[in-house]
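Everything below concerns the one structure shown next.
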Amino acid sequence: MMKWTFFHKLGSPKWFYDISGKWLPWLQITSLLSLVVALIWGLAFTPPDYLQGNSYRIIFIHVPASFLAQAIYMMMATAAAVLLIWRIKLADMALKVMAPIGASFCILSLATGAIWGQPTWGTWWVWDARLTSMLILLFLYIGIIALRGAIQTSEVAAKACAILSLVGVVNIPIIKYSVNWWNTLHQGATLKLTEKPSMAPEMLWPLLLSILGFYLFFTLVMFLRLRVEILSREKKTRWVKALVGE
Amino acid sequence: MLYFENWSEFLAMDGHGFYVWSAYAVGLLVVIYNVLSPMMAKRKVIASIQRQERLAKGVGKMSSITESSLLQDGRGAQ
């Protein structure tokens, strides 16, 4: 009995609006602090790479952006499953607001990769498995955003976006294993959960801190967008009218 | 320890300055987009809710006026 009321609360937009409001200042401070420290550390304090020189400093935004672009997609797919199974409308709102954030980090990953590719490989772009599968991820994000815009009925749009998000998950392992399955120009994974990192610790620590900062920043802007989406969809309710009317 | 000796070396990055700084500039743009976009959306949503509220109140007032005038008419007729 208790379990179900808890579950119901989790899906309540008002409950999320209240709780996320308390999180915002902490997310602002921690994301700003970790990003500023990590990026200054990576830009000015770490030694250059013995092979790539100073261009490798792009790694401190390229790797976190790429991680995030894939992680956000997995979160969207999770929200899609929650929506289809339990019909929680907060899941659809989350799915909707995460798509443009994911797309922006996917663009950042591709752009920084292209800029890094020029001095390292001598080219901005190659149709290599890793780069191509990442470009497909961007198309998936754009497809999900466009699909919602194209369908008038919001319930039909929610279902269609959820199904597309779930189908697109097949691309995520392809991105991850592309550097192992095919002979790619892109280098192998920098960080692996199962192995000791091959990176020198003075480069690894700012990278890990930057990844943390990117995740915190994503949580912050995702909360901001989700709160606006809640206000918009609940605008007929008494609590939103009371909140905005003040 | 700081790796670079001075600002100009820091900006030049041994010839890789253009690549490093343009990558970080794209990063900054993505950050700015993600911060500004929800702020502008929030302003828009709040304005639309307030507009609707004013409209609803206006309609409410009008209907109360007609009601009272109807009542008065009724009284007048009696």
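The values are calculated or read from the model by the stated rules, or taken from the named source; none is laboratory data. What you are looking at is a predicted structure, and each value in this text was computed from that prediction instead of being measured. Cβ atoms come from the backbone with ideal geometry, glycine included; neighbour counts cover every protein chain shown.
Of all residues in region A:70-87, count the ones that are surrounded by fewer than 20 Cβ atoms within 10 Å (Cβ to Cβ), under 14 Å from A:Cys161 (Cβ atoms) and of a type in the set (Gly, Ala, Ser).
Total meeting the criteria: 2.
Might you let me know whether region A:89-96 holds any residue that is modelled with pLDDT under 95, away from chain B (no Cβ under 14 Å), surrounded by fewer than 21 Cβ atoms within 10 Å (Cβ to Cβ) and outside any helix (DSSP H, G or I)?
no
Could you grab me the full set of residues in region A:43-83 that are polar (S, T, N, Q), within 30 Å of B:Tyr3 (Cα to Cα) and touching a residue at least 60 places away in the same chain (Cβ under 8 Å)?
Matches in region A:43-83: A:Thr46, A:Gln52, A:Ser55, A:Ser66.
Do the conditions hold for A:Ile40, that is, is it touching a strand residue (DSSP E or B) at 6+ places or on another chain (Cβ under 9 Å) and either touching a residue at least 24 places away in the same chain (Cβ under 8 Å) or within 14 Å of chain B (Cβ to nearest Cβ) (or both)? Before you say what the answer is, go through the steps one by one.
Working: touching a strand residue (DSSP E or B) at 6+ places or on another chain (Cβ under 9 Å): no; either touching a residue at least 24 places away in the same chain (Cβ under 8 Å) or within 14 Å of chain B (Cβ to nearest Cβ) (or both): yes.
Judged against the criteria, A:Ile40 is not a match.
Just name the residue that is nearest to the chain's Cα centre (by Cα) out of those in region B:1-37 that are closer than 29 Å to A:Ala103 by Cβ and among the hydroxyl-bearing types (Ser, Thr, Tyr).
B:Ser37
Answer yes or no as to whether A:Leu110 is away from chain B (no Cβ under 13 Å) and surrounded by 20 or more Cβ atoms within 10 Å (Cβ to Cβ).
Working: away from chain B (no Cβ under 13 Å): no; surrounded by 20 or more Cβ atoms within 10 Å (Cβ to Cβ): yes.
For A:Leu110, the condition - away from chain B (no Cβ under 13 Å) and surrounded by 20 or more Cβ atoms within 10 Å (Cβ to Cβ) - is not met.
Given the conditions (1) within 11 Å of chain B (Cβ to nearest Cβ); (2) surrounded by fewer than 17 Cβ atoms within 10 Å (Cβ to Cβ); (3) under 30 Å from B:Tyr3 (Cβ atoms); (4) of a type outside the set (Phe, Trp, Tyr), report the number of the one that A:Ser210 does not fulfil.
(2)
Which helices (runs of 4 or more DSSP H) does region A:136-240 wholly contain that include 3 or more residues that are under 18 Å from the mean Cα position of the chain (by Cα) and farther than 25 Å from A:Trp23 by Cβ?
Where helices (runs of 4 or more DSSP H) fall fully within region A:136-240 and carry at least 3 residues being under 18 Å from the mean Cα position of the chain (by Cα) and farther than 25 Å from A:Trp23 by Cβ, they are A:154-168, A:171-181.
Residue under question is B:Tyr19, and the condition is that it be touching a Phe, Trp or Tyr at 6+ places or on another chain (Cβ under 9 Å) and farther than 24 Å from A:Ser109 by Cα; does it hold?
Considered against the rule, which asks whether it is touching a Phe, Trp or Tyr at 6+ places or on another chain (Cβ under 9 Å) and farther than 24 Å from A:Ser109 by Cα, B:Tyr19 comes out as no.
Out of curiosity, is A:Ser20 over 30 Å from B:Val20 (Cβ atoms) and touching a Phe, Trp or Tyr at 6+ places or on another chain (Cβ under 8 Å)?
Criteria met by A:Ser20.
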